[in-house]
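Chemist: Sharing a structure here in structure tokens format.
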Amino acid sequence: MTYFNQEQIKYEGPYSSNPLSFKYFNPEEVINGKTMAEHLKFSVAYWHTFTEDLSDPFGVGTAKRNWDHLDGMDRAKARVEAIFELLEILNVEYFCFHDVDIAPEGKDLKESNENLDEIVALIKQKMDETGKKLLWNTANNFSHERFVHGAASSSNAEVFAYAAAKVKKQLDIANELNASSYVFWGGREGYESLLNTDMKLELDNLARFFKMAKDYANEIGFEGQFLIEPKPKEPTSHQYDFDVASGHAFLQKYGLENDFKFNIEANHATLAGHSFQHELRYARDNNMLGSVDANQGHPLLGWDTDEFPTDVYETTMAMYEILKNDGLGKGGLNFDAKPRRTSFEQEDLILTHIAGMDAFALGLRVANKMIEDEFFEALVSEKYKTYAEGIGKKIVDGTTNFKELEEYALDNSEVENRSDHLELVKSQINQYILTVNRGV
Ligand code: XUL
Ligand code: CO
């Protein structure tokens, strides 16, 4: 049975008026030695695309899907067929899932695992047939009521054990399906009030959980990259994996920094009061940039709206960081994004992905041109040139001290600063965005 009645989407260039075409994503086109498909390892998120009904706190789900008439394991099997069709239509190589996205939970853990085994066998068969790959999987340790107080940071040790069992199962599946990475998003690992929270114990337990997960991965020979996905709030008012900087400090404190990198989500970055680029840069500078959840928030809303990325300014800055990082290694660009409630037709699942893929493809083209021109590099080396020689070089080389710096300052108390022409810099990016694809 066909779930989407659609041929593969083709590149038709920026002047095409066909909504079912790529305007900027041309998979075979080579940009700086790599094809666009190699630069942009896109991934479809099982949860938003196949299980999301588009309900919100004020209204029921509006999504119309060709598998709605099914339920239980029949629906789970239909969704497997449907995702592999969609990957083919979009020419996307990767997908991601939580355990509960692919198979319904059973009456107990044993039955849940049996359901998973049946669906994983089907997924494996489809992967073998099509060559599609699993970017990452993860355990949903937040939706079920047992996780009301969190999972690894729960106040209840029985829940810690249950969460561990679910992650163990997902690591087995990751190994079986040869996942590139394994993700830990904090779910409900956080708190509402410190008045009744032992934050130290919860954080220590979280670290113990990660350590045991890594030990198990090593034991079974799973070589995928472990990723932490920071988010500052929602569902709890304070999530422990707040942002990359606090996540990095946590990993360093517990000696886990060599076992993990970060999966950075654009909408989580903005919830933390950072830009997407800030989070990518912080991770890149610390060799911790692992993968990306490609979406965007709404500038007027203060929660995780998980919109498909369409803002080219943001995708340009993101691709700049990713290119400077020499790509994402085992990572990719996972569309942790869903259509708006008003985009409820099945065709919107295709249109939204085209929008996101084109936004990143255009971002890649612009960022690559800026790097070729050494646009930022020239600005930055001019801005920091006082550190390239004289006393500045001594500071950077660690060959000076406060006494010498005082002598220097006494002789040079008339410091001279220069404007960095910030507005000029920002407007030049507009020029890049507007001209890069027009051959001007
Ligand atoms: C939640 C979120 C998750 C993770 C995977 O905000 O981003 O979907 O990506 O658990
Ligand atoms: Co995410």
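Each reported figure results from applying straightforward, stated rules to the coordinates on display, with no laboratory input. These figures come from a predicted structure and were not determined experimentally. All Cβ positions, glycine included, derive from the backbone under ideal geometry; neighbour counts span all protein chains shown.
Chemist: With an 8 Å cut-off on Cα pairs and a minimum separation of 6 or more residues, tell me the relative contact order of the chain in percent.
Modeler: Taking the mean separation of contacting Cα pairs over the length of the chain, I get 15 percent.
Chemist: Take the Cα atoms of segment 277-427, find their three principal axes, and give me the spread along each one in whole Å, biggest first.
Modeler: Principal extents (Cα only, largest first): 72, 34, 33 Å.
Chemist: How big is the Rg/Rh ratio for the chain, C-alpha atoms only, Rh by Kirkwood, two decimals?
Modeler: 1.01
Chemist: If a/c stays under 1.5 just call it rounded; otherwise compare a/b with b/c (prolate if a/b is bigger, oblate if not). Do that for segment 338-440, with a ≥ b ≥ c from the square roots of the Cα gyration tensor eigenvalues.
Modeler: Note, shape of segment 338-440 comes out prolate.
Chemist: OK, next. Based on DSSP H runs of at least 4 residues, each adding -39500 (n - 2.57), what is the mean residue ellipticity at 222 nm of the chain after dividing by all its residues, to the nearest 500 deg cm²/dmol?
Modeler: Theoretical 222 nm ellipticity from helices: -14000 deg cm²/dmol.
Chemist: Only Lys, Arg, Asp and Glu count, each charged at its Cβ (+1, +1, -1, -1), so figure out the dipole size of the chain about its Cα centre, rounded to 20 debye.
Modeler: 180 debye
Chemist: For segment 155-309, compute the number of Lys pairs whose alpha carbons are separated by less than 14 Å, excluding pairs fewer than 8 positions apart on the same chain.
Modeler: Lysine pairs, 8 or more places apart or on different chains, close enough: 6.
Chemist: Can you list which of the GluC sites (Glu not before Pro) found in segment 388-440 are DSSP loop residues with at most 10 other C-beta atoms within 10 Å?
Modeler: Sparse-neighbourhood loop GluC sites (Glu not before Pro): 389, 414, 416.
Chemist: Tell me the label-point distance for the pair residue 125, residue 427, using the 7 Å Cα-to-Cβ offset, in nm and rounded to one decimal.
Modeler: 6.2 nm
Chemist: To the nearest 10 degrees, how steep is helix 402-411 against the longest Cα principal axis of the chain, on a 0 to 90 scale?
Modeler: 50 degrees
Chemist: On to the next question. When a/c reaches 1.5 or more, the comparison of a/b and b/c decides; with that in mind, is segment 187-273 rounded, prolate or oblate per its Cα gyration tensor?
Modeler: oblate
Chemist: Name the residues whose placed amide hydrogens come within less than 5 Å of the amide hydrogen of residue 182, ignoring near sequence neighbours (fewer than 5 apart) on the same chain.
Modeler: 225, 226, 227
Chemist: Mean separation of Cα pairs under 8 Å and 6+ residues apart, divided by the residue count of segment 303-383: what relative contact order is that in percent?
Modeler: Relative contact order here is 47 percent.
Chemist: Sticking with this one: Placing +1 on the Cβ of each Lys and Arg and -1 on the Cβ of each Asp and Glu in the chain, which of 92, 343, 294 has its Cα farthest towards the positive end of the resulting dipole?
Modeler: So the residue furthest toward the plus end is 92.
Chemist: Taking every DSSP beta bridge that has both residues in the chain, what percent is antiparallel when rounded to the nearest 5?
Modeler: 15 percent
Chemist: Taking square-rooted eigenvalues a ≥ b ≥ c of the alpha carbon gyration tensor, is segment 60-120 rounded, prolate or oblate, where a/c under 1.5 means rounded and, failing that, a/b exceeding b/c means prolate?
Modeler: Oblate is the answer for segment 60-120, as a/c is 1.5 or above yet b/c matches or exceeds a/b.
Chemist: When ranked by the protection proxy of mean other Cβ atoms within 10 Å per residue, highest first, what sequence do the peptides 226-233, 320-327, 87-94, 103-110 form?
Modeler: Peptide ranking by packing, descending: 226-233, 87-94, 320-327, 103-110.
Chemist: Can you list residues whose amide H is under 5 Å from residue 190's amide H, if they're 5+ apart or on another chain and H is modeled 1.01 Å from N?
Modeler: 240
Chemist: Under 12 Å from a point placed 7 Å out from the Cα of residue 253 along the Cα-to-Cβ direction: which residues of segment 271-301 have their backbone N that close?
Modeler: none
Chemist: Taking the Cα centre of segment 82-132 as origin and charging only Cβ (+1 Lys, Arg; -1 Asp, Glu), how large is the dipole, in debye to the nearest 20?
Modeler: 80 debye
Chemist: Okay, moving on. Within straight cross-link reach of residue 385, meaning Cα distance under 25 Å, which lysines are found once same-chain residues fewer than 8 apart are removed?
Modeler: 324, 369, 393, 394, 403, 426
Chemist: Also, quick follow-up: May I ask which residue of 283, 160, 364 lies farthest towards the positive end of the charge dipole of the chain, with charges of +1 (Lys, Arg) and -1 (Asp, Glu) on Cβ and the Cα centre as origin?
Modeler: 364
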